[in-house]
Structure formats: structure tokens, C-alpha cells
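The values are calculated or read from the model by the stated rules, or taken from the named source; none is laboratory data. Note that the structure is a prediction, hence the values are computed from the model and not measured. Glycine gets a Cβ as well: all are built from the backbone with ideal geometry, and neighbour counts include every protein chain shown. Ligands, DNA and RNA are excluded from the accessible area calculation, which covers all protein heavy atoms including side chains. Shrake-Rupley method; radii C 1.70, N 1.55, O 1.52, S 1.80 Å.
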Amino acid sequence: MQRRELIKLFSLIPYAGSAAIIPWSTANAAPANPPAEKRNVFKELGVRTFINAAGTYTAMTGSLMHDYVLDIIQSAATEFCMLDELQDKVGEKIATLVHAEAAVVTSGAFSGMTLGLAGILTGMDQKKVAQLPHLDGTGMRSEVIIQKAHEIVYNHALKNTGCKLIYVETAEEAEQAINERTALLHFLNIEADKGKINQEEWVALGRKHNIPTSIDIAADVPPVSNLWKFNDMGFSFVVISGGKAIRGPQSAGLLMGKKEIIAAARLHMPPRGFNIGRGFKVNKEEILGMYVALDKYIKEDHDKEWKAWETATAVIDNAAKSVSGVTTSITVPALGNVTPTLQIAWDAGKVKLSGKDLQEKLRSGIPSIEIGGVKDNSITVTVWMLKPGQEKIVAGRIKEELLKAVG
Ligand SMILES: *Cc1c(COP(=O)(O)O)cnc(C)c1O
């Protein structure tokens, strides 16, 4: 990039006049910049932004943090502190909030799974920490037992330690699979109803054979009580995403559980290297952002929030079903992403439009809107990631496109 272009670029930054930021700036000689217009980097880059009527998807950058959380992040960014001291103090507070012995802010639920298992494998043995993900000949355990129905892409987090996954269906199979190589019994809450063994039985199996148990509850608040339910139940460690319903930083999550597991897991985390987790970095901004988002989430009026979701869903529901040939239903998933979910379906003979067509029209409209659950003649909408008032825009656009397609 030419120096001239750099200057042009920097002149768009609100503080470009500060010689402290740009050492070679001639700002000292230049007149003070007029109050700069707020920079819109998305626009500059040509990156589409949209109204999110889909949900908390990583591909859509998750959730939006509350202003309150953003303020904390902004002020956190202006001071130095020791990373470990901050994790210690925040971890203590979070552990109390979620009824765990200990907790640590991780770079998401996925890294929490890797770190929790890594801690179990190595304990506080530095030599073993440096040996991961190579387990052969180290004396470390190497297998994780999981129910077949609980297979999901995120279980790869467990394989990152070098462990193998052993799949079972029944409690008898699980007991037969347990051996001296078994490091962990892992449970996936979002598929709890698909497996033959429930959470309590899983914990009991672990207790009986003296094997740690873990549970992935990444997308399982609401209800807020899930934050402590599985710690109370006795799982050795629990992981959850920070950037879904809790609306903490999207690059954060929580690993909570037994003191010795969390302490060992931290040997695999920055600021330390020589470990598999050096890349799972969270800094003070994510750590504090996660802490205050969690604290705020726990104290929120969840009934009030639920009613607001119902009200906003009804606005879109009423608009959609006013179109002839359109039928709607509102369901609440029993597990994971527990929020009112509106399905809008239509009679293909009356409304000449595929789900994909509607998705494309909403996406390319102004403002752009993303919806979920696209099928041949239906889509789904959730309102929990909408900003107040956006439900009217979504309702209007969906109705407009459905009406246009009525043959
Ligand atoms: C989202 C999700 C994850 C991954 O969580 P991150 O916080 O993005 O690392 C893991 N498991 C399940 C069930 C999820 O829904």
C-alpha cells in the first residue's frame, strides 16, 4: 500500500489527528480535524450487515452484546493487568454464580471441551502437558466414551487432545467399554432425548467407575437454571458458549467444574505455551465481557424477556398468516435454542415461491434479513436476536414477498 493511500485510510479513523497513534503523522502541523463522521467499516469493506431473524449462528457472528457489556470491554481495553490474576478473580466470581468449584473463561464451549479433557489427562504434570496430543507411551489415558446419538461436529474438540471416541448405546455397553484407558464420559445435552442414558445416569456411571463426566450445554440457556443444574448434578466439568443467549463475547465461553480439573486445564491455556491450547486465547476484554454478560444474564427478568419474544413473534406471525394459503405454527424446542420458533409454511399451489426463493429475496432486500429453517415451502423465524422494533420490518417484508408470490 502506498503511503498516500495509508494516509487516506487513516484519515477515516476518528482519532487520525493524534500524532501519538500515527508516528509519522503531520497532524501537529495540520488544523484539527472537523468532528469525523462515525466510521462504518462494514460499508467501507462492502460487507453486508443484516437483521438477524435466524438465531445464534456462528456463521452470522452469533449474538449482539449489550451496551453495558461493550462499556466494560471498552474500559478493560485501557488498562494492563496480569492475565492469570484476572482469570483467578473472575473465575472465583463465575464459579459462585454457577455453583461450581471453579471456572475459567475460555474461547468458547469447543475449546472448553478440549481444555477440560486435557486437564483430566495431564493433571498438573508439566511434562504430560507438553506431550499432548501424543498419548502413546506416555501413560496417559486415551479414550472418551460417548453415546452414539450424541455424535456432533463439536466432539472433535475431544479428539484434539489425542483421545479416541468410543461410541455406546446402552448403559451395559458403556460399562463394558470402560477400561483403564477411559479418561472421560462425555454427554451432549442438546441430544439428551435421543440417547438411552440420561444425565443423572451418566453421572452415576462415572461415579461408580471413578471416571470423570462432562457435559456440553453450549446452546442450553434459557432456561437460566441450566447454568448451575449440571454442576449441582455432579458433572466433573460443564461447558457453555458465551456468545449465544448469554450475549457475551462471541469468542468466549465457560469451562466450569472441579477445582483440580480447572487448575490443570489452565496449564493448557495462555499465557503458557508448550501446550495444545496456546491458540485458544482470551484476553481481558473477553474475560471481563464474559463475566459481566453472565452476571447480567443471571439477574435479568427472564419472564419479561420471554413475553417480549412472544409479543414480537406474534407480530410476524399475524402478518404472515394474513396471506391466503399461508399457515403458521409456534413451537419451543425442548432442548437447545429454547426460544419461540415461528414456522411459516405455505400451500405451493397458492404461493408460487420456494423457501430458498424467499430466503434470497429477504437477503437481497433493504434492509437485508436472514431467516432460518429453509425448506421447500416453509421457513422459520426467531426474534431473540432482533433489536427492538425490527420485528415490524421482518413482518412487513415477509408479508410483502408472500403476497407478491400469490398466484
Ligand atoms: C455452539 C455449540 C458448540 C460450540 O460452541 P462455541 O462456543 O462456538 O465454541 C458446541 N456444542 C454445541 C451443542 C453448540 O451448539
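Points worth noting:
- Heavy-atom accessible surface of region 80-299, averaged per residue, reaches 41 Å², computed with a 1.4 Å probe.
- Spin-label pair Glu101/Lys352, simplified geometry with 7 Å Cα→Cβ offset, distance in nm: 6.7 nm
- Taking a straight Cα-Cα cut-off under 20 Å and skipping sequence neighbours fewer than 8 places away in the same chain, the aspartates and glutamates within cross-link reach of Lys307 are Asp220, Asp317, Glu391.
- Interchain or long-range residues, amide H under 5 Å from Ser368's placed H: Ile51
- In Hz, Karplus ³J(HN,Hα) per residue of region 185-196 (6.51, -1.76, 1.60; θ = phi - 60°; x = Gly, Pro): 10, 9, 10, 10, 5, 5, 10, 4, 6, 8, x, 8
- Whether the chain is rounded, prolate or oblate, judged on the alpha carbon gyration tensor where a/c under 1.5 counts as rounded: oblate
- Distance (nanometres) between label positions extended 7 Å along Cα→Cβ at Lys164 and Glu305: 4.3 nm
- Residue-level accessible surface for Val47, protein heavy atoms, 1.4 Å, Å²: 70 Å²
- Percent antiparallel among DSSP beta bridges (both partners in the chain, rounded to 5): 55 percent
- Where a label projected 7 Å from the Cα of Asn318 along Cα→Cβ would reach, residues of region 366-393 with amide N under 12 Å: 392
- Two-site label geometry, Val224 and Val153: point separation in nm, points 7 Å out along Cα→Cβ: 3.1 nm
- Isotropic mean projected area of the C-alpha convex hull, region 106-187 (nm²): 5.4 nm²
- Longest exposed-site-free window of the chain, the sites being trypsin sites (Lys or Arg not before Pro) in a DSSP loop that have at most 16 other C-beta atoms within 10 Å: 49-180
- Farthest toward the positive end of the dipole of the chain, out of Ala100, His156, Met385, is the Cα of Met385, where the dipole comes from beta carbon charges about the Cα centre.
- Entry note, the chain: the mean residue ellipticity at 222 nm calculated from DSSP H runs of n ≥ 4, each adding -39500 (n - 2.57), is -11500 deg cm²/dmol after division by the residues and rounding to the nearest 500.
- Of the DSSP H helices in the chain, those whose Cα atoms cover at least 15 Å axially and whose Kyte score averages 0.0 or more: 109-122
- For region 80-299: Kirkwood Rh in Å [reciprocal of mean 1/r, alpha carbons]: 17.0 Å
- Distance from the Cα centroid of region 41-90 to that of region 243-275 is 17 Å (rounded to whole angstrom).
- Amide proton proximity set for Phe187, modelled H, under 5 Å, gap of 5+: Ser214, Ile215, Asp216
- The string of couplings for region 371-376 from the Karplus curve (6.51, -1.76, 1.60, θ = phi - 60°) is 10, x, x, 6, 10, 3 Hz, one whole number per residue in order, with x for Gly and Pro.
- Computed E for Phe50/Asn283 - FRET, C-beta separation, R0 41 angstrom, nearest 0.05: 0.90
- Span from the region 103-175 Cα centroid across to the region 305-323 one, whole angstrom: 43 Å
- Around Ala263: net Lys/Arg minus Asp/Glu count, Cβ-Cβ under 11 Å: 0
- For Arg278, no residue has an amide H sitting under 5 Å from its own, ignoring neighbours fewer than 5 places away on the same chain, with H placed 1.01 Å from N.
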